Amino acid sequence: MIVVSSKNELRQQIKEWKQAGETIAFVPTMGNLHSGHISLVTEAKKHATKVVVSIFVNPMQFNNPDDLTNYPRTLEEDSKQLISEGVDMLFTPTPEIMYPKGLDAQTFIEVPGISDVFCGASRPGHFRGVATIVNKLFNLVTPDVACFGSKDYQQLQVIRLMVEDLSLDIKIIGCDTVRTEQGLAKSSRNGYLTPQELEVAPLLYQTMKQLARDVSGGMAIDKAVSNATLTMNESLFTTDYFHVQRADDLSQPTDNDSELVILAAAQLGFARLIDNLVFTR
Ligand code: PAF
């Protein structure tokens with residue numbers, strides 16, 4: 001696996017590959033890789049002849065400095081995993097490389113509307129940071145396809161909208177969430193959970209499934225959401241939100257909309273867990 005940190009080295013290698021007729025699949029990450037990330041690499045391999053992964057803990061998408069400082073950085077273990085998965089190139093830039101003028105002087109990408117609700121409301125500026133770094137990485141890697149996890153459903157829709165609005169010629173592939181046997185979505189943030197919290201954590205997915213059953217069975221969304229919130233708050237969780245939205249643009253569903261998504265966020269100890277469930281009613 002080729003490992004590069006500089007933009008020029010990355011561009012040079014990509015240019016050589018493209019001249020040789022290779023196609024590029026890209027998996028952007030913030031590292032601390034788990035089986036969810038590996039499933040993105042596996043999917044990426046199906047769509048191109050070369051797979052590029054980036055590891056960059058993007059300061060622009062953190063609105064809490066402690067969260068940024070404490071974000072797990074495990075580059076050595078991550079590299080080993082990527083080598084054994086047959087990744088062709090790993091891009092590991094520093095903040096100085098990605099933001100040479102500093103964050104405040106950086107041109108940014110803002111996807112309006114969708115960036116300000118749900119996770120965007122709880123974490124102001126988060127999706128601006130995500131859209132900006134993903135766009136910068138796309139401009140450097142110039143991939144044919146890029147793979148993202150569906151666990152961060154709102155992020156995936158923000159990226160899809162950005163690609164559409166800016167006419168980027170990149171196919172975005174949303175990959176299924178990888179879960180533990182008990183249903184907990186794999187996430188770097190699970191590392192913050194104590195053994196007791198890890199036992200409780202699958203309740204989030206179970207509660208979402210019940211919420212989906214209730215709404216599909218005809219229960220009013222408000223009532224089903226308040227039941228779900230109650231179930232969660234009787235445990236160690238503190239619910240941030242459950243929202244039932246239209247699956248495509250996350251807008252408010254009408255009675256006629258059948259493709260829906262549950263978006264959920266809840267605090268468990270030090271970890272803020274997010275998850276989602278797409279369903280048809
Ligand atoms: O999902 C992530 O890990 C990050 O938000 C991403 C897409 C790599 C951008 O920093």
Within 10 Å, at most 16 other Cβ atoms, and a DSSP state outside H, G, I, E, B define an exposed site. Report the longest part of the chain free of exposed chymotrypsin sites (Phe, Trp or Tyr not before Pro).
109-269
Given a 10 angstrom Cα cut-off, can you work out which residue in Ile173, Ile159, Ile83 is the most mobile in a GNM of the chain?
Ile83
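Express the accessible area of the chain per residue in Å², computed with a 1.4 Å probe while the remaining protein chains stay in the model. List each step's numbers first, then the result.
Numbers: 13280 Å² over 281 residues.
With the other protein chains kept in place, the chain gives 47 Å² per residue.
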May I ask which residue of Met208, Ala185, Tyr241 lies farthest towards the positive end of the charge dipole of the range 177-281, with charges of +1 (Lys, Arg) and -1 (Asp, Glu) on Cβ and the Cα centre as origin?
Ala185
Nonlocal amide H pairs with Gly149, under 5 Å, H built at 1.01 Å:
Cys175
Enter the angle in degrees (range 0 to 90, nearest 10) between the Cα long axis of helix 221-233 and the first principal axis of the Cα atoms of the chain, meaning the one along which they spread out most.
80
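As a check on your grasp of the helix formula, calculate [θ] at 222 nm for the chain: sum -39500 (n - 2.57) over DSSP H runs of n ≥ 4, divide by the residue count, round to the nearest 500. Each step should come with its number before you reach the end.
Working: 11 runs with 112 residues, N = 281.
Value at 222 nm, helices only, nearest 500: -12000 deg cm²/dmol.
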Reported to the nearest 10 Å², Asp88 has, with a 1.4 Å probe, an accessible area equal to 40
Taking Lys101 as the anchor, which aspartates and glutamates have their alpha carbon closer than 18 Å to its alpha carbon, excluding any fewer than eight residues away along the same chain?
none
Can you list residues whose amide H is under 5 Å from Asn32's amide H, if they're 5+ apart or on another chain and H is modeled 1.01 Å from N?
Thr74
Enumerate the calculated ³J(HN,Hα) couplings along the range 264-276 in order (Karplus 6.51 cos²θ - 1.76 cosθ + 1.60, θ = phi - 60°), each rounded to whole Hz, writing x wherever the residue is Gly or Pro.
9, 9, 8, 8, 9, x, 7, 9, 9, 8, 10, 7, 7
Just going by the charge dipole of the chain, with Lys and Arg at +1 and Asp and Glu at -1 on Cβ, which of Leu230, Gln19, Val4 is farthest out on the positive end?
Gln19
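Express the relative contact order of the chain as a whole percentage, based on alpha carbon pairs under 8 Å and six or more residues apart in sequence.
Values: 469 pairs, mean separation 48.4, N = 281.
Rounded, it is 17 percent for the chain.
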Just check the range 133-281 against the gyration tensor rule for me: Cα atoms, a ≥ b ≥ c as the square roots of the eigenvalues, rounded for a/c under 1.5, and otherwise prolate or oblate depending on whether a/b exceeds b/c.
oblate
Nonlocal amide H pairs with Val278, under 5 Å, H built at 1.01 Å
Ile262
About the Cα centre of the chain, what is the dipole size in debye to 20, counting +1 per Lys and Arg Cβ and -1 per Asp and Glu Cβ, all else neutral?
400
Residue among Ala265, Gly31, Thr194 farthest towards the positive dipole end of the chain, charges placed on Cβ:
Gly31
Where trypsin sites (Lys or Arg not before Pro) fall in DSSP loop in the range 1-110, at most 10 other Cβ within 10 Å
Lys101
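Please get the size of the charge dipole for the range 140-251, origin at its Cα centre, with Cβ charges of +1 on Lys and Arg and -1 on Asp and Glu, quoted in debye to the nearest 20. Write out the running numbers ahead of the final one.
Numbers: 10 positive and 15 negative charges, 45 e Å.
Computed charge dipole of the range 140-251: roughly 220 debye.
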Which lysines, on any chain, are close to Lys18 with Cα under 25 Å apart, when same-chain ones fewer than 8 places away are left out?
Lys7, Lys45, Lys46, Lys50, Lys136, Lys171
Roughly what angle does helix 7-19 make with the longest principal axis of the chain, taking Cα atoms, 0 to 90 degrees, to the nearest 10?
80
List the relative contact order of the range 1-140 as a percent without decimals, with contacts defined as Cα pairs under 8 Å and 6+ residues apart.
31
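The values are calculated or read from the model by the stated rules, or taken from the named source; none is laboratory data. Source: prediction; values computed, not measured. Positions of Cβ are generated from backbone atoms using ideal geometry, with glycine treated the same way; all protein chains shown enter the neighbour counts. In case anyone asks, the SASA skips ligands and DNA or RNA and just uses the protein heavy atoms, side chains included. Shrake-Rupley method; radii C 1.70, N 1.55, O 1.52, S 1.80 Å.
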